[in-house]
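**Q** Next up is a structure, given as structure tokens.
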Amino acid sequence: MSKLFKPSRPEKEHQVTDENIYKNRRTFLKSLGFIGATAALTPQASAFNFFGDDDETSKSTFHTQDLSFAPATQYKTSETQTPYKKVITYNNFYEFGTSKDEPAKSSQAFKVDPWSLTIEGLVEKPIKLSYDDLLKRFPLEERIYRLRCVEAWSMVIPWIGFELGQLLQQAKPLSSAKYVAFETLYDPKQMPGQKSRFIGGGLDYPYVEGLTIEEATHPLTLLSVGLYGKTLMPQNGAPIRLVVPWKYGFKNIKSIVRIKLTDQQPPNTWNLLAPHEYGFYANVNPNVDHPRWSQATERRIVGGGLLSTQRIDTRMFNGYDEVASLYKGLDLRKNF
Ligand code: MTE
């Protein structure tokens with residue numbers, strides 16, 4: 001909260017943020033008693049803490065481990081990768097606070113081991129994975145993906161993980177399974193945002209998400225346990241989070257404890273909060289604007305300094321054209 005009202009290096013911010021966002025922000029901040037439902041996940045909110053503390057890495061007390069993995073071959077990009085420091089200090093993880101720098105600060109004591117992830121519902125063989133299983137049951141591989149947030153910023157991140165489809169295959173889905181539902185840990189003692197709406201923005205916790213079974217078993221869909229060669233930091237969704245690179249970032253649910261196969265479309269947190277603004281599909285789409293801002297371009301975060309962002313065109317499905325066939329015959333304006 002206090003950070004939200006502390007002007008941090010305003011001249012520099014003025015130079016790099018869009019003029020209208022900068023101006024809107026003054027009015028926007030005045031109207032806030034706290035980050036309320038409609039103020040959340042907006043470019044204005046994200047622009048505010050853009051110049052977060054770059055020293056944050058030196059302050060992290062959480063211990064990561066190095067991972068063994070196959071380097072990216074098929075799934076990579078030559079685009080500039082977002083520096084590690086930025087990936088771990090500019091986050092959306094409302095369970096630990098709504099400003100971009102808060103998750104890195106307030107999640108360092110988060111306990112990820114022991115952990116339990118269950119795969120249940122319409123499956124022949126329910127599965128329960130321990131912390132060690134997450135890192136050892138499947139061969140790990142690197143995937144360098146673009147991440148496009150609904151707030152119109154993006155990063156390029158070298159994730160490490162395994163295909164969700166491999167895990168689902170082991171659970172043997174029944175033919176009646178049409179959707180996959182995901183749930184984040186609910187533990188208000190560890191996640192202050194789940195206890196207080198002033199910290200957690202008033203979302204309905206636990207955070208939940210969902211995919212169709214075709215999306216969940218698509219080879220691009222990754223369960224990530226690490227990035228930049230190391231296990232995930234808590235602020236990035238340790239010990240395991242979803243990465244669906246052709247969808248807006250909010251589909252990439254963090255710190256997952258439950259995966260349930262169902263025959264009904266599962267609820268998703270941002271859609272529950274504001275159904276006209278955030279859909280179930282949430283495919284990156286430059287032709288369908290958010291009701292309050294354009295999705296035609298994005299701010300690519302490529303560094304930490306003044307020249308740390310580039311404004312680029314947003315691509316359909318975030319450039320992952322191979323998923324287009326999943327949506328044949330579906331009106332993506334209605335099913336946004
Ligand atoms: N998962 C949970 N449980 N809680 C959250 O607040 N935020 C989402 C997604 N997953 C969120 C979450 C949003 S809006 C985005 S853009 C991505 O996480 C951000 O991931 P990153 O912080 O690792 O870049």
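No lab work stands behind these numbers, since they all come straight from the coordinates. This structure is a prediction, so every number in the text was calculated from the model and none was measured. Methodologically, a virtual Cβ is constructed for each residue, glycine included, from the backbone with ideal geometry; neighbour enumeration extends over all protein chains shown.
**Q** Among the residues of the stretch 193-231, which ones are over 17 Å from the mean Cα position of the chain (by Cα), of a type in the set (D, E, K, R) and closer than 27 Å to Tyr84 by Cα?
**A** Lys230
**Q** Additional query: Being of a type in the set (Gly, Ala, Ser), farther than 22 Å from Thr221 by Cα and touching a residue at least 40 places away in the same chain (Cβ under 8 Å) is the filter; apply it to the stretch 283-322 and report the residue that is surrounded by the fewest Cβ atoms within 10 Å (Cβ to Cβ).
**A** Taking the stretch 283-322 and keeping what is of a type in the set (Gly, Ala, Ser), we get 294, 296, 303-305, 308, 319.
Filter once more, so that each one left must be farther than 22 Å from Thr221 by Cα: 294, 296, 303-305, 308.
Filter once more, keeping what is touching a residue at least 40 places away in the same chain (Cβ under 8 Å): 294, 303-304, 308.
Numbers: Ser294: 12, Gly303: 15, Gly304: 16, Ser308: 19.
In this case the residue turns out to be Ser294.
**Q** Could you list all residues from the stretch 172-204 that are of a type in the set (Gly, Ala, Ser), closer than 26 Å to Leu261 by Cα and in contact (Cβ under 8 Å) with a residue 40 or more places away in the chain?
**A** Residues satisfying the conditions are Ser176, Ala177, Ala181.
**Q** Sticking with this structure for a sec: I'd like to check which strands (runs of 3 or more DSSP E) are fully inside the stretch 93-171 and have at least 3 residues that are within 21 Å of the chain's Cα centre (by Cα). Steps first, please.
**A** Details: elements: 116-121, 127-130, 141-148, 153-163.
Fully inside the stretch 93-171 and qualifying: 116-121, 141-148, 153-163.
**Q** Answer yes if at least one residue in the stretch 101-113 is surrounded by fewer than 16 Cβ atoms within 10 Å (Cβ to Cβ) and not small (Gly, Ala, Ser), and no otherwise.
**A** Yes, some residue in the stretch 101-113 is surrounded by fewer than 16 Cβ atoms within 10 Å (Cβ to Cβ) and not small (Gly, Ala, Ser).
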